[in-house]
1. Which percent of the accessible area of the stretch 15-167 is formed by carbon and sulfur heavy atoms (probe 1.4 angstrom)?
2. Please state the shape class of the stretch 23-111: rounded when a/c is under 1.5, otherwise prolate if a/b exceeds b/c and oblate if not, all from the C-alpha gyration tensor.
3. Which stretch or stretches of the stretch 73-87 have amide N atoms under 12 Å from the point lying 7 Å from residue 98's Cα along the Cα→Cβ direction?
4. Would you mind calculating the relative contact order of the stretch 33-164 from Cα pairs under 8 angstrom and at least 6 residues apart, reporting the percent as a whole number?
5. Compute the length gained on full extension between residue 137 and residue 81: take 0.36 nm times their separation in residues and subtract their Cα-Cα distance, giving the result in nm to one decimal.
6. Testing the spin-label approximation: label points 7 Å from Cα along Cα→Cβ at residue 89 and residue 26. State their distance in nm.
7. Under 20 Å Cα to Cα from residue 103, which lysines show up? Leave out anything in the same chain fewer than 8 places away.
8. What is the percent of Cα-Cα separations in the chain that go past 19 Å?
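The values are calculated or read from the model by the stated rules, or taken from the named source; none is laboratory data. Bear in mind the structure is a predicted one, so any value in this text is a computation, not a measurement. Note: ideal-geometry Cβ built from the backbone for every residue, glycine included; neighbour counts use all protein chains shown. Keep in mind that these areas ignore ligands, DNA and RNA; they rest on the heavy atoms of the full protein, side chains included. Shrake-Rupley method; radii C 1.70, N 1.55, O 1.52, S 1.80 Å.
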Amino acid sequence: MGMIDFTGTSSTGYLGGGASPIPRATVMYNGNYAPGTVVVNTAERRLYLVLGNGQALRYGIGVGRDGFRWGGVHKITAKKEWPEWTPPSQMLARRPDLPRHMKGGIENPLGARAMYLGSTLYRIHGSNEPETIGQAVSSGCFRMTNDDVTDLYSRVNVGTTVVVLNN
């Protein structure tokens, strides 16, 4: 049986992919960001949704492996439920074994939800591999469990500022 966290959301992995090895939590946060800002700390492998009053929601994430981590400020430019996936040409050059396109669904590596970051190739997205949360394994995207990405997706809008700290 899954646990119920502070938001009342099940952590049973109902969307596939299992529970996060890093539970979501409300934490004290002293960043200088407006409420509603998403802050990704690649060194911590955590994503923060700033709530205000010195607090944030903290999520565990998977980040880019060596050579694929990046930083900057972008906006969420699109949100998709059960997104389709077309690997970019750069990824296909490294991994020619990948499919050229996958329909959305539980087997899709983008998971249950995706939030697209500016004009980059990168996204905050779900994962069907919860064991990768807290690790550096992606090609630059930020992975979350399907439960966590669905929670974040419900809390942010297109236009939300995303600050990626790559220390």
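1. 49 percent
2. Because a/c hits 1.5 or more and a/b exceeds b/c, the stretch 23-111 counts as prolate.
3. 85-87
4. 32 percent
5. Result: 17.9 nm gained on full extension.
6. According to this spin-label approximation, the distance is 4.8 nm.
7. 79, 80
8. That fraction is 53 percent.
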